[in-house]
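Below: one structure, written as C-alpha coordinates.
The values are calculated or read from the model by the stated rules, or taken from the named source; none is laboratory data. Owing to the predicted nature of the structure, the values given are computational and were not obtained by experimental measurement. Quick reminder, even Gly has a Cβ in these numbers, built from the backbone with ideal geometry, and neighbours come from all protein chains shown. Accessible surface is based on the protein model in full, side chains and every heavy atom, while ligands, DNA and RNA are left aside. Shrake-Rupley method; radii C 1.70, N 1.55, O 1.52, S 1.80 Å.
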Amino acid sequence: MRVVSVNLAAVGEMFIRQSEREHRIMTGIHKQPVTGAVRVKPLGLAGDEQADLTVHGGLDKAVYAYPSEHYAFWAAQRLAVFKREAPLPPGSMGENLTLEGILEREVWVGDRLHVGSAVLQVTEPRRPCYKFAAKMGFSHAVKMMVQSGFTGFYLRVIEEGEIAAGDTVTLAPGARNVSIAQLIEQRLKGRQRDLF
(Lines give C-alpha, C1' and ligand atoms only; values in the text may rest on other atoms or scores of the structure.)
Protein backbone atom coordinates (compact mmCIF):
# COMPACT_ATOMS: atom_id res chain seq x y z
CA MET A 1 0.00 0.00 0.00
CA ARG A 2 1.33 3.42 -0.92
CA VAL A 3 0.52 7.07 -1.53
CA VAL A 4 0.23 7.70 -5.27
CA SER A 5 -0.34 11.42 -4.87
CA VAL A 6 -0.88 14.15 -2.28
CA ASN A 7 -3.44 16.67 -3.58
CA LEU A 8 -4.32 20.19 -2.43
CA ALA A 9 -6.58 23.04 -3.52
CA ALA A 10 -7.57 26.51 -2.45
CA VAL A 11 -11.27 27.31 -2.37
CA GLY A 12 -12.37 28.67 -5.73
CA GLU A 13 -15.40 29.29 -7.90
CA MET A 14 -17.27 26.72 -9.96
CA PHE A 15 -20.32 27.34 -12.12
CA ILE A 16 -23.10 24.77 -12.19
CA ARG A 17 -26.28 24.65 -14.23
CA GLN A 18 -29.55 24.05 -12.37
CA SER A 19 -33.05 24.66 -13.73
CA GLU A 20 -31.76 26.31 -16.90
CA ARG A 21 -29.75 28.82 -14.85
CA GLU A 22 -26.07 28.97 -14.05
CA HIS A 23 -25.08 29.36 -10.40
CA ARG A 24 -21.73 30.28 -8.91
CA ILE A 25 -20.61 28.16 -5.97
CA MET A 26 -17.47 27.98 -3.89
CA THR A 27 -15.61 24.69 -3.70
CA GLY A 28 -12.32 23.09 -2.79
CA ILE A 29 -12.91 20.03 -5.01
CA HIS A 30 -10.31 20.93 -7.65
CA LYS A 31 -7.37 19.20 -5.94
CA GLN A 32 -4.02 19.13 -7.72
CA PRO A 33 -1.02 16.86 -7.05
CA VAL A 34 1.91 18.48 -5.29
CA THR A 35 5.54 17.47 -4.99
CA GLY A 36 7.43 17.04 -1.77
CA ALA A 37 6.25 16.36 1.76
CA VAL A 38 3.11 18.08 3.06
CA ARG A 39 2.43 18.67 6.75
CA VAL A 40 -0.78 17.12 8.06
CA LYS A 41 -2.39 18.86 11.05
CA PRO A 42 -5.57 18.07 13.03
CA LEU A 43 -7.77 19.92 10.51
CA GLY A 44 -6.09 18.62 7.36
CA LEU A 45 -3.16 19.12 5.05
CA ALA A 46 -1.24 22.38 5.10
CA GLY A 47 -2.19 24.43 2.05
CA ASP A 48 -5.52 22.68 1.49
CA GLU A 49 -8.90 24.38 1.89
CA GLN A 50 -12.49 23.16 2.13
CA ALA A 51 -15.53 25.27 1.26
CA ASP A 52 -18.30 23.26 2.97
CA LEU A 53 -17.21 21.73 6.26
CA THR A 54 -20.38 19.63 6.46
CA VAL A 55 -19.01 17.38 3.69
CA HIS A 56 -15.22 17.67 4.04
CA GLY A 57 -13.41 19.16 6.98
CA GLY A 58 -13.37 19.27 10.74
CA LEU A 59 -11.64 16.77 12.99
CA ASP A 60 -13.44 13.65 11.71
CA LYS A 61 -13.13 14.49 8.01
CA ALA A 62 -9.77 16.24 8.00
CA VAL A 63 -8.29 14.18 5.13
CA TYR A 64 -10.10 12.49 2.24
CA ALA A 65 -8.51 9.35 0.74
CA TYR A 66 -9.46 7.71 -2.55
CA PRO A 67 -8.25 4.40 -4.07
CA SER A 68 -6.40 4.81 -7.36
CA GLU A 69 -7.87 1.48 -8.50
CA HIS A 70 -11.27 3.18 -9.06
CA TYR A 71 -9.92 5.66 -11.60
CA ALA A 72 -10.37 3.17 -14.46
CA PHE A 73 -14.08 2.92 -13.61
CA TRP A 74 -14.52 6.69 -13.77
CA ALA A 75 -12.51 6.99 -16.98
CA ALA A 76 -14.86 4.42 -18.57
CA GLN A 77 -17.94 6.31 -17.36
CA ARG A 78 -16.66 9.58 -18.77
CA LEU A 79 -15.80 7.90 -22.08
CA ALA A 80 -19.38 6.59 -22.28
CA VAL A 81 -20.82 10.05 -21.59
CA PHE A 82 -18.46 12.25 -23.60
CA LYS A 83 -17.54 9.72 -26.35
CA ARG A 84 -13.89 10.67 -26.01
CA GLU A 85 -11.03 10.15 -23.61
CA ALA A 86 -11.17 12.61 -20.73
CA PRO A 87 -8.04 12.67 -18.56
CA LEU A 88 -8.42 12.11 -14.83
CA PRO A 89 -5.21 13.00 -13.00
CA PRO A 90 -4.86 12.17 -9.29
CA GLY A 91 -7.01 14.47 -7.19
CA SER A 92 -9.89 14.41 -9.69
CA MET A 93 -12.27 12.93 -7.12
CA GLY A 94 -11.48 15.81 -4.78
CA GLU A 95 -9.27 13.62 -2.61
CA ASN A 96 -6.28 14.70 -0.58
CA LEU A 97 -4.59 11.31 -0.77
CA THR A 98 -4.73 9.07 -3.82
CA LEU A 99 -3.88 5.64 -2.39
CA GLU A 100 -2.92 2.36 -4.04
CA GLY A 101 -3.63 -1.05 -2.55
CA ILE A 102 -6.33 -0.16 -0.02
CA LEU A 103 -10.02 -0.36 -0.92
CA GLU A 104 -13.24 0.47 0.96
CA ARG A 105 -13.93 -3.20 1.71
CA GLU A 106 -10.52 -3.53 3.38
CA VAL A 107 -10.79 -0.70 5.91
CA TRP A 108 -12.95 -0.43 9.01
CA VAL A 109 -13.96 2.54 11.14
CA GLY A 110 -11.21 2.94 13.72
CA ASP A 111 -8.42 1.40 11.63
CA ARG A 112 -5.23 3.46 11.70
CA LEU A 113 -3.10 4.23 8.68
CA HIS A 114 0.56 5.00 9.28
CA VAL A 115 1.49 7.25 6.36
CA GLY A 116 4.84 8.99 6.23
CA SER A 117 5.37 10.30 9.76
CA ALA A 118 1.62 10.79 10.38
CA VAL A 119 -1.01 8.49 11.85
CA LEU A 120 -4.54 8.79 10.46
CA GLN A 121 -7.73 7.00 11.56
CA VAL A 122 -10.55 5.84 9.28
CA THR A 123 -13.86 7.54 10.20
CA GLU A 124 -16.50 7.22 7.45
CA PRO A 125 -17.17 6.94 3.71
CA ARG A 126 -17.68 10.01 1.55
CA ARG A 127 -21.21 11.29 0.93
CA PRO A 128 -20.93 12.70 -2.59
CA CYS A 129 -22.82 15.88 -3.40
CA TYR A 130 -23.80 17.87 -6.47
CA LYS A 131 -20.31 19.40 -6.64
CA PHE A 132 -18.91 15.97 -7.51
CA ALA A 133 -21.42 15.64 -10.37
CA ALA A 134 -20.44 19.09 -11.63
CA LYS A 135 -16.74 18.20 -11.43
CA MET A 136 -17.25 14.93 -13.32
CA GLY A 137 -19.44 16.61 -15.94
CA PHE A 138 -22.54 14.42 -15.72
CA SER A 139 -25.53 14.55 -13.36
CA HIS A 140 -25.68 10.86 -12.44
CA ALA A 141 -22.10 10.74 -11.09
CA VAL A 142 -23.32 10.99 -7.47
CA LYS A 143 -25.67 8.05 -7.93
CA MET A 144 -22.93 6.04 -9.60
CA MET A 145 -20.46 6.71 -6.79
CA VAL A 146 -22.90 5.48 -4.15
CA GLN A 147 -24.11 2.48 -6.16
CA SER A 148 -20.59 1.37 -7.08
CA GLY A 149 -19.35 1.71 -3.50
CA PHE A 150 -16.34 3.61 -4.85
CA THR A 151 -16.67 6.48 -2.37
CA GLY A 152 -13.26 6.60 -0.73
CA PHE A 153 -13.13 7.43 2.97
CA TYR A 154 -12.36 10.17 5.46
CA LEU A 155 -9.56 10.18 8.00
CA ARG A 156 -9.01 11.81 11.38
CA VAL A 157 -5.48 12.95 12.25
CA ILE A 158 -4.21 11.03 15.30
CA GLU A 159 -0.58 12.11 15.04
CA GLU A 160 0.61 15.07 13.01
CA GLY A 161 3.40 14.48 10.56
CA GLU A 162 4.44 14.78 6.92
CA ILE A 163 3.12 12.83 3.95
CA ALA A 164 4.52 12.63 0.42
CA ALA A 165 3.81 10.74 -2.79
CA GLY A 166 5.56 7.37 -2.67
CA ASP A 167 5.16 6.94 1.09
CA THR A 168 4.27 3.45 2.27
CA VAL A 169 0.90 3.02 3.99
CA THR A 170 0.71 0.55 6.87
CA LEU A 171 -2.69 -0.43 8.26
CA ALA A 172 -3.13 -1.11 12.00
CA PRO A 173 -6.56 -2.73 12.58
CA GLY A 174 -8.96 -1.14 15.04
CA ALA A 175 -11.95 -2.79 16.76
CA ARG A 176 -13.38 -3.96 13.40
CA ASN A 177 -17.05 -3.40 14.29
CA VAL A 178 -18.15 -1.90 10.96
CA SER A 179 -16.33 -1.59 7.65
CA ILE A 180 -16.48 1.33 5.25
CA ALA A 181 -18.13 -0.99 2.69
CA GLN A 182 -20.84 -1.92 5.22
CA LEU A 183 -21.58 1.75 5.92
CA ILE A 184 -21.86 2.44 2.18
CA GLU A 185 -24.29 -0.47 1.82
CA GLN A 186 -26.38 0.73 4.79
CA ARG A 187 -26.57 4.24 3.32
CA LEU A 188 -27.54 2.87 -0.09
CA LYS A 189 -30.38 0.81 1.40
CA GLY A 190 -31.59 3.81 3.37
CA ARG A 191 -31.55 6.10 0.34
CA GLN A 192 -32.76 3.82 -2.45
CA ARG A 193 -35.95 5.78 -3.05
CA ASP A 194 -33.91 8.96 -3.44
CA LEU A 195 -31.45 7.36 -5.85
CA PHE A 196 -33.84 5.69 -8.29
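Principal-axis analysis of the Cα atoms of the chain puts helix 71-82 at an angle of about 10° to the longest axis. Ordering GLY12, GLY58, HIS23 by Cα displacement along the dipole of segment 1-71 toward the positive end leaves GLY58 in first place; charges were set at the Cβ atoms of Lys, Arg (+1) and Asp, Glu (-1).
By the equivalent-ellipsoid construction on the alpha carbon gyration tensor, segment 1-63 comes out with semi-axes of 26, 14, 10 Å, ordered largest to smallest. Of the trypsin sites (Lys or Arg not before Pro) found in segment 24-105, the ones in coil according to DSSP and having at most 10 other Cβ atoms within 10 Å of their Cβ are LYS83, ARG84.
What residue among PRO67, PRO87, PRO33 has the largest mean-square fluctuation in a Gaussian network model of the chain, using Cα springs under 10 Å? Highest fluctuation of the listed residues: PRO87. Taking Lys and Arg as +1 and Asp and Glu as -1, the other residues whose beta-carbon sits under 14 Å from that of ALA72 total -2. Remark: segment 16-24, residue by residue, has Karplus-estimated 3J(HN,Hα) of 10, 9, 9, 6, 6, 10, 9, 10, 9 Hz, where x stands for each Gly or Pro and the curve is 6.51 cos²θ - 1.76 cosθ + 1.60 at θ = phi - 60°.
Can you tally the net charge around GLY166? Count Lys and Arg as +1, Asp and Glu as -1, for every other residue whose Cβ sits under 15 Å from the Cβ of GLY166.
The answer is -2.
Counting only protein heavy atoms and a 1.4 Å probe, tell me what percentage of the chain's accessible area is made up of carbon and sulfur. Exposed carbon and sulfur together represent 50 percent of the surface.
At an R0 of 35 angstrom, the distance between the Cβ atoms of SER117 and THR54 translates into a FRET efficiency of 0.75.
Couplings 3J(HN,Hα) for segment 103-114, derived from phi with the Karplus relation 6.51 cos²θ - 1.76 cosθ + 1.60 (θ = phi - 60°), are 9, 4, 6, 9, 10, 10, 4, x, 4, 10, 10, 8 Hz, where x marks Gly and Pro. Relative to one another, the C-alpha centroids of segment 70-91 and segment 97-144 are positioned 18 Å apart. Could you report the chain's accessible area per residue, 1.4 Å probe, as an integer in Å²? Using a 1.4 Å probe on heavy atoms only, each residue of the chain averages 49 Å².
Taking amide H as placed 1.01 Å from N in the peptide plane, LEU99 has its amide H under 5 Å from the amide H of VAL4, TYR66, SER68, each at least 5 places away in sequence or on another chain. Here the translational diffusion coefficient of the chain follows from Stokes-Einstein with Rh set to the Kirkwood radius across Cα pairs; for 20 °C and 1.002 mPa s it amounts to 126 µm²/s. Determine the shape class of segment 61-110: with a ≥ b ≥ c the square roots of the Cα gyration tensor eigenvalues, call it rounded for a/c under 1.5, and otherwise prolate if a/b is greater than b/c, oblate otherwise. Note, shape of segment 61-110 comes out prolate.
In order along segment 44-49, phi translates into HN-Hα couplings of x, 7, 4, x, 9, 10 Hz, rounded to whole numbers, per the Karplus curve 6.51 cos²θ - 1.76 cosθ + 1.60 with θ = phi - 60° and x for Gly and Pro. Taking amide H positions as modeled 1.01 Å from N, with prolines and chain starts lacking one, the residues under 5 Å from VAL63 and 5 or more places away or on another chain are LEU155.
Here the dipole of the chain is about 680 debye; that uses its Cα centre as origin and unit charges on the Cβ of Lys and Arg (positive) and Asp and Glu (negative).
Measuring r between the beta carbons of THR168 and ARG21 and using R0 = 35 Å, the FRET efficiency lands at 0.15. In this structure the amide hydrogen of LYS41, modeled in the peptide plane, comes within under 5 Å of the amide hydrogens of ALA46, none closer than 5 places in sequence on its chain.
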